[in-house]
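Contents: one structure, followed by commentary.
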Amino acid sequence: MSDLTLVLLSAGSSSRFDTSVKKQWLRIQHKPLWQFVADRFAHSGLFSKIIVVSSEEDIAFMQNYADYSFVKGGSSRQDSLQNALLHVKSEYVLVSDIARACISEDLLQRILAQKEEADCIVPFLPVTDTIVYENTTIDRDKVKKIQTPQLSRTKILQKALQTSTEFTDESSAIVAYGGTRIFVAGDEDACKITFTHDLNRLPCLEAPSSDILSGNGFDVHAFDEKRKMFLGGVEIDADYGFKAHSDGDVALHALIDALLGAAGMGDIGMLFPDNDSAYKGIDSKELLQTVVTKIYNYGFEIVNADITIAAQKPRIANYKDAMRKTIAKILKIDKARVNVKATTTEKLGFIGRSEGVGVIANANLKYFNWKIIG
């Protein structure tokens, strides 16, 4: 059994990464960046356990992709690491950041070869430019650019982090605690993805797949004479609405399920349970907006949507264009890529008896192409 655990930190908000996509969800072929990085480490066979630290919301989606151990992050990098260390039982722990995507086998071996020599092993790059601090030129040979991953003795690191002082890396905490560290040669390819222009500098990152991801949704609601009718994000002139926990917009509900299906994010009931008072009477456009934000944050773009409304009543021909405009604005796509169709069931079934409305929706997604912005 290996005496080494890997902790991958992925709880950052990507505040300096100027896109709608969280950088941990950029796709490398089909894999999100966090999984791509974790799989590269796992392929080495060096670790008894791999822990991925992320936000609680992201973890719920990450678990659909891989069977690593997931730990909820904290309000800072140090808090996140402390949370992870509660689950580390091995003598040594290697800590890295998801943003350092191209860690080579050679770099790992250089770090591990020195594990008996100090409490923390740190890769670094020398500084080749002239360095001026305030108005004083510093000897650049005495300056190091510190990288991760860093290898630490687990118990020493746990103790070193039990302080209110915030450290930006493990070795600084260990040295402040009184531990020892040594440096090994780092790797230019282990640079950190901080800004979008960093992406194309990394040779190990392939472009996202160009595949189209398709999902469908289906929903029905019965009529309720005490409610206003909202359909496709538009108020309909009718003497009745839909029986529902929310406003009952059956078209938007079907579309939400289609989007979630294409993204592999479950269904509307998982995100907005009908026994949660927070969603009682809520405008379904708000629910759709929440889902669309998730779609873009998690590395997708919306290609198009197609909605078929089956209704004996009300007549919606005069509302279809308004529906398309409303939905397109929320989806952040052109109106031409939103299609709304209407049909009847020739008076068959509950729809034909004018008891309610049924809707089928289809949505197509593609991965955000970071190659064109890097």
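The values are calculated or read from the model by the stated rules, or taken from the named source; none is laboratory data. Just so you know, these numbers come straight off a predicted model, no measurement behind them. Every residue, glycine as well, gets a Cβ built from its backbone with ideal geometry; the counts of neighbours run over all protein chains shown. SASA here: full protein model, heavy atoms, side chains in, ligands and nucleic acids out. Shrake-Rupley method; radii C 1.70, N 1.55, O 1.52, S 1.80 Å.
Some observations on this one:
- Restricted to segment 67-82, and to residues there that are open to solvent by 40 Å² or more (accessible area, probe 1.4 Å) and out of contact with any strand residue (DSSP E or B) (no Cβ under 8 Å at 6 or more places or on another chain), the residue that is nearest to Thr165 (Cα to Cα) is Asp79.
- Residue in segment 83-98 that is out of contact with any strand residue (DSSP E or B) (no Cβ under 9 Å at 6 or more places or on another chain) and either assigned to a loop (DSSP other than H, G, I, E, B) or surrounded by fewer than 22 Cβ atoms within 10 Å (Cβ to Cβ) (or both) present: no
- Test for Asp58: is it among the acidic types (Asp, Glu), crowded, with 20+ Cβ neighbours inside 10 Å and either out of contact with any Ser or Thr (no Cβ under 9 Å at 6 or more places or on another chain) or more than 17 Å from Ile156 (Cα to Cα) (or both): yes
- Restricting segment 162-172 to residues that are under 29 Å from the mean Cα position of the chain (by Cα) and open to solvent by less than 60 Å² (accessible area, probe 1.4 Å) leaves a set whose member that is farthest from Glu105 (Cα to Cα) is Phe167.
- Segment 182-201 - residue that is open to solvent by less than 60 Å² (accessible area, probe 1.4 Å) and of a type in the set (S, T, N, Q) and, of those, nearest to Thr19 (Cα to Cα): Thr196
- Taken as a whole, segment 11-22 holds no residue that is modelled with pLDDT of 95 or more and closer than 25 Å to Phe368 by Cα.
- Hey, Asp257 at pLDDT 95 or above, open to solvent by 20 Å² or more (accessible area, probe 1.4 Å) and farther than 30 Å from Asn369 by Cβ or not: no
A quick yes/no check of all residues on (1) modelled with pLDDT under 95; (2) open to solvent by 40 Å² or more (accessible area, probe 1.4 Å); (3) touching a Lys or Arg at 6+ places or on another chain (Cβ under 9 Å):
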position	(1), (2), (3)
Leu288	no, no, no
Val291	no, no, no
Glu301	no, yes, yes
Asp306	no, yes, yes
Ile309	no, no, yes
Ile316	yes, no, no
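- Selection of segment 262-292 for residues being assigned to a helix (DSSP H, G or I) and basic (Lys, Arg) yields only Lys285.
- Cβ-Cβ under 7 Å pairs, at least 6 apart or on other chains, segment 246-274 side more than 20 Å from Ile302 (Cα to Cα), far side assigned to a helix (DSSP H, G or I): Ser246/Tyr279; Ser246/Ser284; Ser246/Leu287; Asp247/Ser284; Asp249/Ser284; Phe272/Tyr279; Phe272/Leu287
- Contact annotation: residue pairs with Cβ atoms under 6 Å, 6 or more positions apart or on different chains, pairing a residue in segment 357-374 that is crowded, with 22+ Cβ neighbours inside 10 Å with a partner that is of a type in the set (Phe, Trp, Tyr) and at pLDDT 95 or above, are Leu365/Phe300.
- Applying the set (1) surrounded by 15 or more Cβ atoms within 10 Å (Cβ to Cβ); (2) closer than 19 Å to Gly299 by Cα to Asp18 leaves exactly one unmet item: (1).
- Considering segment 266-286, and only residues there that are open to solvent by less than 40 Å² (accessible area, probe 1.4 Å) and touching a Gly at 6+ places or on another chain (Cβ under 9 Å), the residue that is farthest from Gly248 (Cα to Cα) turns out to be Ile268.
- Residues satisfying the stated conditions in segment 128-154, i.e. outside any loop (DSSP other than H, G, I, E, B), touching a residue at least 12 places away in the same chain (Cβ under 8 Å) and of a type in the set (A, V, I, L, M, F, W, C): Ile131, Ile146, Leu151
- Unique residue being touching a residue at least 60 places away in the same chain (Cβ under 8 Å) and part of a strand (DSSP E or B) when the list is Leu157, Leu125: Leu125
- Against the conditions (1) surrounded by 21 or more Cβ atoms within 10 Å (Cβ to Cβ); (2) at pLDDT below 95, Tyr240 satisfies every one except (1).
- Verdict on Leu199 being under 23 Å from the mean Cα position of the chain (by Cα) and at pLDDT 90 or above: no
- For beta carbons closer than 9 Å, sequence separation of 6+ or different chains, a first residue in segment 32-52 that is closer than 24 Å to Met265 by Cβ and charged (D, E, K, R) and a second that is at pLDDT 95 or above and not in a loop (DSSP other than H, G, I, E, B), the qualifying pairs are Asp39/Lys31.
- For segment 318-356, a residue qualifies if it is surrounded by fewer than 16 Cβ atoms within 10 Å (Cβ to Cβ) and in a loop (DSSP other than H, G, I, E, B), and the qualifying residues are Lys332, Asp334, Thr344, Thr345, Glu346, Lys347, Leu348, Arg353, Ser354, Glu355.
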